[in-house]
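Participant: Would you mind keeping the following structure in view while I ask a few things?
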Amino acid sequence: MKTYTYTEKKDTRSGFGAGLAELGRTNPNVVALCADLIGSLKMDKFIEENPERFFQVGIAEANMMGLAAGLTIGGKIPFTGTFANFSTGRVYDQIRQSIAYSGKNVKICASHAGLTLGEDGATHQILEDIGLMKMLPGMTVINTCDFNQTKAATIAIAEHQGPVYLRFGRPAVPVFTPSDQKFEIGKAIKLTEGKDVTIVATGHLVWEALEASKVLFERGISAEVINIHTIKPIDEKAILESVSKTRCIVTAEEHNIIGGLGESVARVLGTHNPAPQEFIGTNDVFGESGTPAQLMEKYGLNSISIVAKVESVLKRK
């Protein structure tokens, strides 16, 4: 069994900041906008090196989306930055009407997603943003798992023509993907080979899935772990090839199971190859205040819950 280790933990938002800074040096059309959260979005280096290509809009997220849409008309590639809740829920109308409807080349970059925003509580956490964004025609939806993958994705989406929603987080998490990786939009990554069950995970739950696979291996269960960093367009081929072998699947995400990765996978299976499926995610609830670790444990978004769901789905094969 292939195992993964890490030597450090970093927050994925810092991966975004590093990627944006790199784009500032290599792509003169990239511009950045922020809604009064420069430090939280780690945009400082880009601003330091490219002050004329940065726009501070203040706490006016709807205006930020309108400005970003307008900047694309002149050939710019705008990267907007604020918390995931404010990047989607607060400005859904502006994204739908001004960006998605006309296919504007805006990169909506959203930090502090999911429960792991932590102590700021339910009003600032968002667990429905993936659903909101993936339902918009033409919108690409990406949810990265660690610092290196977030940096690579940030750089890659600048070359993609069309609107993108890039989701990342606040807490420091294990860095286990290669620093020199090439990020391919829509291409899932098989992390471990397995024959008994498929585990597809996204974002912070990818590491938890790998940890679960170790426990399962010790119990004689061979798990195939797949990193689904692009939720739309989803890699149907990777999912179907794996499930044709394992004949059951567990999906894991830091998001409501209604409208998230799990439902996208269920659609793929229902259309092509129905198989037993279990879901890891929040179940139609809002979050609450607490440390990220406390919240992930309370809502069952960890390796322990993944192991339990695997054992459950195996009984349904």
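Participant: Mind checking the angle between helix 303-314 and the chain's longest principal axis? C-alpha axes, 0 to 90 degrees, to the nearest 10.
Facilitator: Helix 303-314 sits roughly 50 degrees off the main axis of the chain.
Participant: Net charge within 9 Å of A113 by Cβ-Cβ distance, Lys/Arg positive one each and Asp/Glu negative one each, not counting A113 itself? Numbers along the way, then the final one.
Facilitator: Values: positive: R167, R170; negative: D129, E254.
Its environment carries a net charge of 0.
Participant: What angle do you read, to the nearest 10 degrees and between 0 and 90, between the alpha-carbon axis of helix 61-73 and the longest principal axis of the chain?
Facilitator: So the helix axis and the longest Cα principal axis differ by about 80 degrees.
Participant: I need the Kirkwood Rh of the stretch 9-174: take the reciprocal of the average 1/r across all distinct C-alpha pairs and report it in angstrom. Walk me through the numbers before you get to the answer.
Facilitator: Values: mean 1/r = 0.0656 Å⁻¹.
Radius from the Kirkwood sum: 15.2 Å.
Participant: Which semi-axes, in whole Å and largest first, does the equivalent ellipsoid of the stretch 33-128 have when worked out from the alpha carbon gyration tensor as the square roots of 5 times its eigenvalues? Can you show the working numbers first?
Facilitator: Numbers: eigenvalues 95, 63, 18 Å².
Working through the eigenvalues yields semi-axes of 22, 18, 9 Å.
Participant: Oh, and also: Distance check, please: which entries in K10/K45; K76/K151; K151/K245 exceed 22 angstrom between their Cα atoms? Spell out each step's value before the answer.
Facilitator: Details: K10/K45 17 Å; K76/K151 20 Å; K151/K245 33 Å.
Beyond 22 Å: K151/K245.
Participant: Then there is this: Just the ratio, please: alpha-carbon radius of gyration of the stretch 211-317 over 2.2 N^0.38 Å, N its number of residues. Intermediate results must be reported in sequence, preceding the final value.
Facilitator: Details: Rg = 14.0 Å, N = 107, 2.2 N^0.38 = 13.0 Å.
For the stretch 211-317, the normalised Cα radius of gyration is 1.07.
Participant: Same structure again: When the chain is fully extended, how far beyond the present Cα-Cα distance does N273 get from D180, taking 0.36 nm per residue of separation? Don't jump to the answer; show the numbers that get you there.
Facilitator: On the way: separation 93, 0.36 × 93 = 33.48 nm, distance 3.50 nm.
Stretched out fully, the N273 to D180 stretch lengthens by 30.0 nm.
Every number here is computed from the coordinates shown, using simple stated rules; none is lab data. Keep in mind it's a predicted model, so treat the numbers as computed, not measured. Virtual Cβ from ideal backbone geometry, glycine too; neighbours counted across all protein chains shown.
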